[in-house]
Amino acid sequence: MSVRSWGNYPRVDHAAVLPMEWRHLALPQTDHSILPAGLARSYGDSCLNEGEALVTTARLDRLMEFDRASGRLRCEAGLALAQLLELTVPAGWFLPVAPGTAFVTVGGAIANDVHGKNHQGAGSFGHHLRRFELLRSDGSRTVCSPDENAALFRATIGGLGLTGLVTWAEIALRPVRSPFFDVETIRIEDLDDFFRRSEEKTGVRDEFSPLPAGGPEENSSLTPVFDYSVAWIDALATGKRLGRGIFMRAHHSPDPAPLPPPRAKISMPFDLPGATLNRHSVGLFNALYRSRASPRWKRSREPYGKYLFPLDAIGHWNRMYGKAGFLQHQSVIPRADAKAKLAEMLSAVAQSGDASFLTVLKVFGDHAPAGLLSFARPGVTLALDIPIRGAETFALLDRMDAIVRDAGGAIYPAKDARMSAATFRASFPRLDEFRAHVDPKFSSSFWRRVSR
Ligand SMILES: Cc1cc2nc3c(=O)[nH]c(=O)nc-3n(C[C@H](O)[C@H](O)[C@H](O)COP(=O)(O)OP(=O)(O)OC[C@H]3O[C@@H](n4cnc5c(N)ncnc54)[C@H](O)[C@@H]3O)c2cc1C
């Protein structure tokens with residue numbers, strides 16, 4: 001059975017795709033190795049198990065408990081973040097951390113310890129997990145928390161689905177007054193501009209303290225507090241313009257207001273021909289996109305979905321990359337070396353003839369990683385989407401890996417389909433500690449590739 005990940009690469013067959021019917025039942029029986037499966041929003045092969053079995057969690061989608069006074073929520077691990085937010089936002093509670101798409105399950109968010117645009121203040125998803133239950137292949141069920149079975153807790157956060165299947169999880173939500181974000185947008189001319197904007201003292205919130213009920217404006221001497229920030233970069237720009245793009249910062253709006261009715265969703269009906277995305281079409285898009293911002297701050301108020309998950313408005317947008325698929329290269333570089341190394345990577349891409357349609361740059365906060373294999377860590381993260389054009393695309397990404405390794409950085413497994421075992425080892429210094437927690441019956445295409 002063929003299951004595709006988000007990048008449509010690699011295309012592999014599975015021996016079986018077995019549903020987990022009910023959280024109290026045992027894992028489905030099979031002679032194959034198994035891998036828990038969420039919504040396959042990982043780009044590469046970390047959510048695939050070629051020739052072996054996937055255990056799907058789509059039926060584990062129940063809300064189990066929601067305390068509207070404290071914001072503690074317990075749900076099954078197959079619940080999608082989109083559904084979770086539909087339930088909690090009207091009650092004044094929001095996910096403490098949300099990735100760039102809401103079509104991700106709670107289990108998937110744990111297994112990649114996902115980060116959002118608010119990492120500087122909030123850390124990653126794992127920092128807000130209070131407990132979860134882990135079902136292992138020996139039939140054992142272990143409740144894990146920072147105080148109970150803490151080693152397994154830290155191995156499972158960012159543990160790539162290899163330590164067992166999470167059946168349910170408890171998350172500490174953050175209070176909000178409104179389903180809207182107040183967003184500010186400005187053009188940036190180069191990498192210096194990016195760093196200047198990122199470092200502007202706008203009151204990044206401390207540690208993981210949930211927002212007090214008064215909302216951001218009433219709880220800081222610095223007004224307003226922009227918890228969220230990210231930059232889109234024109235990856236075709238070179239020389240003095242290297243790093244030019246748009247910088248966006250935002251916070252939860254303090255004004256309660258009802259959401260407008262959802263717009264009809266458009267969808268990409270089929271894979272576009274591979275040549276559609278080229279330097280010319282991407283160049284045109286970049287010029288149009290950049291013209292939306294000006295050299296002065298522009299303000300807008302946007303529904304949370306439009307601000308946090310803009311690409312979710314187009315169903316199957318990944319088909320735009322054609323049948324050959326695409327690769328995302330997401331790295332994090334320690335702050336000290338970041339500017340030089342980012343310049344090296346962006347120059348390599350601009351000169352390669354490959355056109356990255358979606359290039360995103362963001363500063364991570366100084367939180368210690370929540371899990372043994374968590375990707376998010378202090379530094380600056382760069383993500384580039386690159387259509388697969390053959391061997392030269394892979395050669396370019398190997399050169400990018402070398403730059404990242406040289407800087408002491410890391411590559412994100414959730415986006416990867418090709419990094420070497422050596423790059424994986426270099427990216428995750430606690431790998432040996434992690435190995436001890438891997439369930440012997442669990443495996444993935446990614447794990448077999450990088451754990452050699
Ligand atoms: C448009 C887009 C934007 C994105 N933006 C971001 C972003 O901003 N930040 C970020 O960090 N990531 C981002 N991602 C990546 C995405 O958040 C992760 O890949 C996420 O893990 C996908 O979740 P999923 O439910 O689709 O899981 P899958 O992709 O199906 O699986 C991911 C991993 O989770 C494991 N898993 C799934 N369910 C369970 C379970 N119940 N128990 C144990 N393990 C389980 C799987 O075995 C696998 O290892 C983005 C992806 C897309 C497509």
**Request:** Please work out the FRET efficiency for the pair Asp13 and Asp432, using the Cβ-Cβ distance as r and a Förster radius of 30 Å; give the result to the nearest 0.05.
**Result:** 0.40
**Request:** Towards the positive end of the charge dipole of the chain, with charges on Cβ (+1 Lys, Arg; -1 Asp, Glu), say which of Met248, Leu87, Trp447 has the farthest Cα.
**Result:** Met248
**Fill in**
Once Ala348 and Ala422 are pulled to full extension, the length gained, defined as 0.36 nm per residue separation minus their Cα-Cα distance, is 24.5 nm
**Request:** Output ³J(HN,Hα) for segment 430-445: one whole-Hz value per residue in order, computed from phi by the Karplus curve 6.51 cos²θ - 1.76 cosθ + 1.60 with θ = phi - 60°, and x for Gly and Pro.
**Result:** 9, 4, 5, 4, 5, 3, 4, 9, 5, 6, x, 8, 9, 7, 8, 4
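Leaving out ligands, DNA and RNA, what percent of the accessible area of the chain is carbon and sulfur, probe 1.4 Å? All intermediate terms of the calculation are to be shown ahead of the outcome.
Working: 9970 of 18450 Å².
That share works out to 54 percent.
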**Complete:** Given the candidates Leu25, Ala111, Asn49, the one whose Cα lies deepest towards the positive end of the charge dipole of segment 1-146, counting +1 at each Lys or Arg C-beta and -1 at each Asp or Glu C-beta, is Ala111
**Request:** Return the long-range amide H neighbours of Val166 (sequence gap of 5 or more, or a different chain), with a cut-off of under 5 Å between placed amide H atoms.
**Result:** Leu135
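Can you list the chymotrypsin sites (Phe, Trp or Tyr not before Pro) in segment 1-56 that are in a DSSP coil and have 12 or fewer other beta carbons within 10 angstrom?
On the way: sites: Trp6, Trp22, Tyr43; in loops: Trp6, Trp22, Tyr43.
Here the sparse-neighbourhood loop sites are Trp22.
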**Request:** With unit charges on the beta carbon (Lys/Arg positive, Asp/Glu negative), name the residue among His280, Ala293, Ala324 whose Cα is farthest towards the positive pole of the charge dipole of segment 266-357.
**Result:** Ala293
**Item:** Near-label residues of segment 73-105 by backbone N, under 13 Å of a point 7 Å along Cα→Cβ of Arg141
**Value:** 76-77
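How large is the dipole of the chain about the Cα centre if only Lys and Arg carry +1 and Asp and Glu carry -1, each at its Cβ, rounded to the nearest 20 debye? The partial results should precede the final answer.
Details: 55 positive and 48 negative charges, 179 e Å.
Magnitude of the dipole: close to 860 debye.
Net charge within 9 Å of Ala370 by Cβ-Cβ distance, Lys/Arg positive one each and Asp/Glu negative one each, not counting Ala370 itself?
Values: positive: Arg154; negative: Asp113.
The answer is 0.
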**Prompt:** Given the C-alpha centroids of segment 380-410 and segment 336-368, what is the distance between them in whole angstrom?
**Reply:** 9 Å
**Asked** With the contact rule set at Cα under 8 Å and sequence spacing of 6 or more, what percent relative contact order holds for the chain?
**Response** 19 percent
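The values are calculated or read from the model by the stated rules, or taken from the named source; none is laboratory data. Bear in mind the structure is a predicted one, so any value in this text is a computation, not a measurement. In this analysis, Cβ positions are derived from the backbone assuming ideal geometry, glycine residues included, and neighbour counts consider all displayed protein chains. Calculation scope for accessible area: heavy atoms of the full protein, side chains included, ligands and nucleic acids excluded. Shrake-Rupley method; radii C 1.70, N 1.55, O 1.52, S 1.80 Å.
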